[in-house]
Structure formats: structure tokens, C-alpha cells
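This report refers to the structure that appears directly beneath it.
None of the figures in this text is laboratory data; all of them are computed from the coordinates on show. Please read these numbers as outputs of a predicted model, since none were measured by experiment. Cβ sites come from the backbone with ideal geometry, for glycine too, and all protein chains shown count toward neighbours.
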Amino acid sequence: MTREEKLVKIFRALGHPNRFKLFAAIVRAPSSALKDDHSCFVTGIMSRLKIGAPTVSHHLKELVNADLVSTSRDGKFLTCKVNQRALELAGAFFDIDEGESST
């Protein structure tokens, strides 16, 4: 898959308001939330965003398909981890040198 195709997939996934909010919540989650209390992490996201479990599940699936996050299950608990490479790829897209900007 080309760089452009990866970016399109990333931006398409983040184009939905609930998915964007969910991804932002995962990015901003303290690392201790992922290690110490997995259920609180997912429940905390749902309560903060006022999104139900089926909707969160659907949007997580889309974020995984876009390679923005990975998930793992430990019993009944689901943990999410941001794919740093995807984050860097998206960030690099916006990192334009002053000499390259169009006027």
C-alpha cells in the first residue's frame, strides 16, 4: 500500500465525528489506564463520549482497519494501543516546510 493510500485510509477513518473523538480519547489516555484498569479505560471512554458499547465496538473496528490502533483482549477486558507509525505518517503530512507552502 502506498503512502497516499495509507493516508486516505487514516483520514477517512478519522472523518467520522465519533471515531475522531474515540481516537482522540485513546491518544490522550494515560498509559496507566491501559495497564492498571482496562475496564475503566473503555468504560471511561464510553461515559465521557456518551457512546454505547456497540457503537464503540464498531468505531474501534474501523480504527483498527485503518491501522490507527491495535486492540488486544485479556479475558473480558479490551485494551487499545495507538499505532505510532500511523500517527507519525499523518503528522508528517502536515509538516510542510516554509519553502514548500503555496501562496
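Neighbour counting of Cβ atoms within 10 Å sorts the residues LEU87, LEU60, LEU22, fewest neighbours leading, into LEU87, LEU60, LEU22. Counting neighbouring beta carbons within 10 Å and listing from fewest to most, the residues PHE94, PHE77, PHE23 come out as PHE94, PHE77, PHE23. When each of LEU7, LEU68 is scored by the number of other beta-carbon atoms lying within 10 Å, the sequence from fewest to most is LEU7, LEU68.
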